[in-house]
1. Does L98 count as within 24 Å of Q218 (Cβ to Cβ) and either out of contact with any helix residue (DSSP H, G or I) (no Cβ under 7 Å at 6 or more places or on another chain) or hydrophobic (A, V, I, L, M, F, W, C) (or both)?
2. Identify all residues within region 46-72 that are touching a strand residue (DSSP E or B) at 6+ places or on another chain (Cβ under 6 Å) and either modelled with pLDDT of 85 or more or not in a loop (DSSP other than H, G, I, E, B) (or both); write none if there are none.
3. I want to confirm something. Restricting to region 26-49 and keeping residues that are touching a Gly at 6+ places or on another chain (Cβ under 8 Å) and buried (at least 20 other Cβ atoms within 10 Å of the Cβ), which single residue is nearest to T12 (Cα to Cα)?
4. Any chance region 117-139 includes a residue that's hydroxyl-bearing (S, T, Y), touching a Ser or Thr at 6+ places or on another chain (Cβ under 6 Å) and either surrounded by 13 or more Cβ atoms within 10 Å (Cβ to Cβ) or closer than 19 Å to Y48 by Cβ (or both)?
5. Can you tell me which residues in region 72-94 are within 21 Å of S135 (Cα to Cα) and either out of contact with any helix residue (DSSP H, G or I) (no Cβ under 6 Å at 6 or more places or on another chain) or not assigned by TED's automatic domain parsing to the domain that holds P134 (or both)?
6. I'd like to check something: does region 104-112 contain any residue that is modelled with pLDDT of 95 or more, under 26 Å from R211 (Cβ atoms) and either among the basic types (K, R) or not assigned by TED's automatic domain parsing to the domain that holds R23 (or both)?
Amino acid sequence: MALKGNLRDFSTTQLLNLIHLARKTGALTIQVPSGVTSLFFREGKLVYAATSGQDGHLTSMLARAGRLTEEQARGIRQHAADRSDKELAMLLISAGYLSQRDIVDSVRRDILETVYGLFAWSDGLFHFEPNRLPSEDVITVSIDLENIILEGSRRMKEWERLKDELPDLNMALKFTDRPQTQLRNINLTVDEWRVISYINPRNSIKQIAQRIGMDEFQIRKLVYGLLQVGLVEIVEPEGLPPKQPPVTEMVSRSPAAKRSVIHKLINRIKRL
């Protein structure tokens with residue numbers, strides 16, 4: 001199947017649906033302003049995804065999923081620099097650091113986050129290369145495209161609303177007055193409690209998401225819910241350098257320009 005074109009004419013949803021129905025094996029490459037993403041399929045199922053500019057090493061995936069700290073990820077990577085992702089996974093499982101489920105779930109999460117990000121683009125070049133598969137060194141996970149298409153479409157509608165409500169994830173959160181009284185009357189999910197445990201004006205919303213392994217859609221959704229029930233409020237993060245006052249136009253003028261303005265004023269006064 002020779003397939004190439006622009007997302008203006010053939011959306012991500014349509015591309016994935018076509019690959020699913022035709023049970024194709026190969027690589028779909030999509031180029032958008034944020035970079036180039038390659039999705040790999042085997043018999044109509046998504047098995048891997050990679051984006052230029054994003055570290056796709058297994059340790060980075062585990063860190064983004066919250067299975068490892070950044071420090072642990074760096075240390076493991078330095079000591080196993082010559083190991084493939086599959087070899088490294090076996091070492092981590094054998095040493096008792098992580099389970100096979102931890103690794104598979106982390107890889108799956110990274111793949112899904114990559115592909116869901118493509119639903120937001122309505123312009124970009126795409127090309128499908130039949131029978132091209134990812135490197136043997138990476139860990140692949142078979143994922144049904146029907147669920148991805150349904151979830152991606154649902155996220156797009158909710159995503160637009162959440163971006164309007166929470167446009168800047170670099171802002172921080174703090175508890176409103178007497179949050180304990182409100183907490184006793186609200187049933188929170190495990191993920192909501194995890195977010196609450198990190199709420200502090202020194203932690204940005206983006207930092208909280210990274211620490212507990214949530215993508216932007218998930219953290220926006222949870223924070224929006226906490227805002228709606230009045231548990232938290234958005235504040236400027238603490239510890240940032242103070243904003244510089246705006247420089248006036250007169251300060252930016254050269255001495256010659258200043259003299260010219262002064263002469264004009266003097267001449268105008270003389271004519272009065």
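1. yes
2. Passing the criteria: L46, V47, Y48, A49, A50, T51, S52, G56.
3. I30
4. Kept after step one, since they are hydroxyl-bearing (S, T, Y), are these residues of region 117-139: 122, 135.
Going one step further and asking which of them are touching a Ser or Thr at 6+ places or on another chain (Cβ under 6 Å), we end up with none.
No, every residue in region 117-139 fails to be hydroxyl-bearing (S, T, Y), touching a Ser or Thr at 6+ places or on another chain (Cβ under 6 Å) and either surrounded by 13 or more Cβ atoms within 10 Å (Cβ to Cβ) or closer than 19 Å to Y48 by Cβ (or both).
5. A81, D82, R83, S84, K86, E87, M90, L91, L92
6. Yes, region 104-112 contains at least one residue that is modelled with pLDDT of 95 or more, under 26 Å from R211 (Cβ atoms) and either among the basic types (K, R) or not assigned by TED's automatic domain parsing to the domain that holds R23 (or both).
The values are calculated or read from the model by the stated rules, or taken from the named source; none is laboratory data. Keep in mind that this is a model prediction, so the values were computed, not measured. So basically every Cβ, Gly included, is an ideal-geometry build from the backbone, and we count neighbours across all protein chains shown.
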